[in-house]
Amino acid sequence: MISCKPLVFPLLLALVPVSLPAQNSAPAVFGYRNFAAQAKIEEKFLAVPDAKLAGQHLKTLTAEPHLAATPEDRKTADYVAQKFRAAGLETEIVSYRVLMNQPKQVRVEAFDASGKRLMSGPTREHVAGDPYQDDPA
């Protein structure tokens, strides 16, 4: 028995009308025909990121250590909230009471089989010129 199924599909495709865009019209991409308005929007959008301003914000946000639940952390949150409000966003800082486990001391010691201490650490790093070198946090 000879099957005609392989021939039917190409024949059907040949019968389907294909509409080609007119030579004078611009090709439709994402539904747009005129990109002038879209280009203006993109130009405004791409002008928003300002590397210098981002650097200034980063310097402010990283000026001092701000571990969670510290006054410095609150200061950082207030700064970000103020910038959001200045941008016209409704902003609210919500406080949560959570358990924050923070060690009072970090120490690792290694002993040999006889009980002799082989190693103790870590030793505190010293960073010259760091104003927070002796910050207990």
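Can you flag which of Lys52/Lys83; Lys44/Lys75; Lys52/Lys75 are past 25 Å Cα-Cα? Intermediate values should be presented prior to the final figure.
Details: Lys52/Lys83 16 Å; Lys44/Lys75 32 Å; Lys52/Lys75 22 Å.
Long pairs (Cα-Cα over 25 Å): Lys44/Lys75.
Ranked by Cβ crowding within 10 angstrom, fewest neighbours first, how are Arg124, Arg97, Arg85 ordered? The partial results should precede the final answer.
Details: Arg124 9, Arg97 6, Arg85 12.
So the ranking, lowest neighbour count to highest, is Arg97, Arg124, Arg85.
Each label point is 7 Å from the Cα along the Cα-to-Cβ direction; what then is the distance between the points at Val108 and Tyr79, in nm?
The two pseudo-label positions are separated by 3.2 nm.
Bear in mind that the values in this text are calculations on the coordinates, not laboratory data. Since this is a predicted model, take the numbers as computed values, not measurements. Cβ coordinates were reconstructed from backbone atoms using ideal geometry, including for glycine residues, and neighbour counts include every protein chain displayed.
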